[in-house]
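What follows draws every value from the coordinates through simple rules; no lab data is involved. In this text, all values refer to a predicted model and were calculated from it rather than measured experimentally. Quick reminder, even Gly has a Cβ in these numbers, built from the backbone with ideal geometry, and neighbours come from all protein chains shown.
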Amino acid sequence: MLGIVDPRDVPSFAAILQAAASGIWGGELLFVVLATMSTWAPGLLIAGIAGVVAGVSLAMLPRLEIATRPLLEFLRPIPSVAMIPVALPILGIGLELQLFMIAFASIWPVLFATKAGVESVDPRYIETGRMLGLSRLMQVVRIVLPSALPAVATGLRTASAIALVLAITVEMLTGQPGLGFYIENVRLNGLITEMWAAILVTGVTGYLVNTLFLSIERVALPWSPDNRDQ
């Protein structure tokens, strides 16, 4: 607004807000947000289920954890986008590739948070369940998982942000419909205000996702130490 920066590169915030509002209420921006969320949600769901199952298994089966540790430590540091050339010939450009990339990137915080949560369960609780005649499965369902849920919820909240980043990144790289493709498309066409508006909407979407997960945690996990302090 002071003219220090060329508005063709960085438009005024008022212009960005106006473009964002127009895109949401009367343009295609709302539809591309919904397209991104339609891949974000199932990808995060896959990562959540797989991460919880793997985390519980590794925490309760020490031999399995020892056997798989080298593989996990090898896979975890690999940048997710580096897996695209590997997955592309197998899955092709489409929904399968998007879900794989989102799940691969976001499974790690769920897995390791679940594992840490299960390992922190007081052994006396498990021993009490064993004395009451609970099977191994029922011990997991009625004792281990409820105790570990606050840690699992934290892992899922972290994974939700990572999943959104990957959903947008894959759209940019593969041209699939969504926020990523929209941002890249308007940039290439010189629509800088629309590009910044889409970036703003992306940030707001991430903030709303995090707020949603925090709200669910407060309602669903009242016994969590974090929620008891609020």
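For the chain, modelled as a GNM whose springs connect Cα atoms under 10 angstrom apart, the maximal fluctuation among 44, 179, 212 occurs at 212.
How large is the helix-only mean residue ellipticity at 222 nm for the chain, computed as the sum of -39500 (n - 2.57) over DSSP H runs with n ≥ 4, divided by its residue count, in deg cm²/dmol to the nearest 500?
Working: 11 runs with 178 residues, N = 230.
Taking each H run of at least 4 residues, the total per residue is -25500 deg cm²/dmol.
Legend: helices of the chain (whole DSSP H runs) are marked when their alpha-carbon atoms reach 27 angstrom or more along the helix axis and their mean Kyte-Doolittle hydropathy is at least 0.0; marked are 29-60, 95-119, 145-174, 192-220. Applying 0.36 nm per residue to the separation of residue 13 and residue 210 and subtracting their alpha-carbon distance, the gain on full extension is 68.5 nm. In this label model, residue 93 and residue 61 are separated by 4.0 nm, measuring between points 7 Å along each Cα→Cβ vector. The relative contact order of the chain comes to 28 percent, based on Cα pairs under 8 Å that sit 6 or more residues apart.
Summary of packing: across the peptides 104-112, 10-18, the per-residue average of other C-beta atoms within 10 Å ranks them, highest first, as 104-112, 10-18.
Across all Cα atoms of the stretch 1-158, the radius of gyration (one decimal) and Dmax (whole number) stand at 22.2, 75 Å.
Which order do 76, 157, 124 fall in if you start with the one that has the fewest other Cβ atoms within 10 Å? Write out the running numbers ahead of the final one.
Details: 76 11, 157 19, 124 8.
Ascending Cβ contact count within 10 Å gives the list 124, 76, 157.
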